[in-house]
Amino acid sequence: MTILYFGLARDHAGISSEEISARESITLEMLWTMLIDQHPSLELSRRVSRVAVDMEYVNDGAMIPPNAEIAIIPPVAGG
Amino acid sequence: MIECRILATPLDATALIAAASDPACGAVAVFIGAARESSSARPGDEVATLEYEAYVPMAEREMMAIAEELTAEHGIRNLLVHHRVGKLAIGEAAVVVVVASPHRAAAFDACRLMIEELKKRVPIWKKEVFDDGSEWVNARP
C-alpha cells in the first residue's frame, strides 16, 4: 500500500510518501501502529488527523486492502 | 455546468464569472477568498506569504461531490470553484466560487455553503509563513 503524508503529518513523518508491503487487509488501528513505529512523531498527527483510503474518508474500524492508497489528512484549511 | 479545479497558477475570477453567466440566470454570486496578512495563531505578527497544498485528485473529487449536492438541492445552473495551491502573496486569491442561478437567494445560499463545506472536508492545507518561522493553519488541537 502507498501512504501519502500531507501538511503537519508530512512534517511529522519526515517524508511525503512511502510504500508498505502488506499481503492482506489490515485494520486502520494496525496501520497507525506500523506508521508510528517507523515515525514516532506521527503520534501527534494521529490525534488530529483523518485517514482517506482510495480518496474516501474512513472511520476507526475500517479495513484497508493491501494495494490501497492511504492519505493521512491533518485538519484541512482550504479557502 | 459544474467545474472544480485545483490550480498552481493565479486565479482569474473574471473568466469564471464569464463562464458561469447564462441567459437563464438572473443571479451570479461570487466569493473570493484572499491571502490575509494577519494570523489567528500568532496575533500581531505579520504573515509574509501563504503556502497551500492539496491532495489534488481527492480535493477535486470532494469539491465535485459538494457542488453536485448543492446544484441538485438549490436548483443551481452553473457552479465553478477554482482553488489555488503553491506560494501566494498577501492579497492574492486563494479560492474563487461562482454560482449562477435564475434567482439570487439560491445563488447566495449555494455560494456560501460551497465555501463552508470546502473548508470542512476538502483536503487542502495552508501554511502561514512568518519572517521567523511557519505554522500549519488549524493543525494544533
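Here, each number is a calculation from the coordinates, and none is a lab measurement. All values derive from a computational prediction rather than experimental measurement. Note that we place each Cβ from the backbone using ideal geometry, even for glycine, and neighbour counts take in every protein chain shown.
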Residues being in a strand (DSSP E or B), closer than 20 Å to residue B:23 by Cα and not hydroxyl-bearing (Ser, Thr, Tyr) - total across region B:90-105:
4
Quickly run through region B:7-27 and pick out the residues that are touching a Lys or Arg at 6+ places or on another chain (Cβ under 9 Å), surrounded by 15 or more Cβ atoms within 10 Å (Cβ to Cβ) and more than 12 Å from residue B:84 (Cβ to Cβ).
B:20, B:25, B:27
Scan region B:50-67 and give yes if some residue there is more than 18 Å from residue A:76 (Cβ to Cβ) and more than 10 Å from every other protein chain (Cβ to nearest Cβ), otherwise no.
no
Of the candidates A:25, A:45, the one satisfying the condition of being touching an Asp or Glu at 6+ places or on another chain (Cβ under 9 Å) and more than 30 Å from residue B:31 (Cβ to Cβ) is A:45
Here, helices (runs of 4 or more DSSP H) confined to chain A with at least 2 residues that are crowded, with 20+ Cβ neighbours inside 10 Å and facing chain B (nearest Cβ under 9 Å) are A:7-13
Hey, among the residues in region B:103-141 that are more than 14 Å from chain A (Cβ to nearest Cβ) and surrounded by fewer than 15 Cβ atoms within 10 Å (Cβ to Cβ), which one's farthest from residue A:10 (Cα to Cα)?
B:103
